[in-house]
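What follows is a single structure, written as structure tokens, with notes after it.
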Amino acid sequence: MYEVILHHLYHTICIVMLQCCEVCVMFLDDARPQLLASFTRLKSDLANIIEPDFGFVDELLSLAVLTRRQYARVRSERTVFERNDALLDLLVSEDQCDKFVTALQRTGQQHVVNFLRQNGGQKLCSVISHLHY
């Protein structure tokens, strides 16, 4: 019963298993078309949690998310927050967003990807609140 109800609430829900009153919700990775909108909506939060240094900006350059000029401009920003703001301002397409996510994963920032894909935690919180009748 829960599986059908939850599946209609969010297309990202794949499986709900009930075992002794425990619920396990697994999400599919179908939120891709909304990545750019999510980046825009969560920009200020993302600017606080992304680590732009230690290879991330270099990875964006290698994935062609940034041009050399954009790379230089981002690197010239004084603070981590300013670098993140500059990076997020450059995202204008879904393809760039996909590559940005790839760069996050390759540089050990899966927690940022999880935050982004769960709409800042709103999807999971909404599902949990529906489980509490």
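One residue is enough: does the stretch 54-66 have a residue meeting the conditions at pLDDT below 95, among the aromatic types (Phe, Trp, Tyr), in contact with a helix residue (DSSP H, G or I) (Cβ under 9 Å, 6 or more places away or on another chain) and part of a loop (DSSP other than H, G, I, E, B)?
Checked against the condition, which is being at pLDDT below 95, among the aromatic types (Phe, Trp, Tyr), in contact with a helix residue (DSSP H, G or I) (Cβ under 9 Å, 6 or more places away or on another chain) and part of a loop (DSSP other than H, G, I, E, B), the stretch 54-66 yields no hits at all.
Of the residues making up the stretch 101-114, just one is within 14 Å of Gln34 (Cα to Cα) and crowded, with 18+ Cβ neighbours inside 10 Å, namely Val101.
Scanning the stretch 73-121 for residues that are at pLDDT 95 or above and at positive phi gives a single hit, Gly108.
The values are calculated or read from the model by the stated rules, or taken from the named source; none is laboratory data. Fair warning: this is a prediction, and the values are worked out from it, not measured in the lab. Cβ coordinates were reconstructed from backbone atoms using ideal geometry, including for glycine residues, and neighbour counts include every protein chain displayed.
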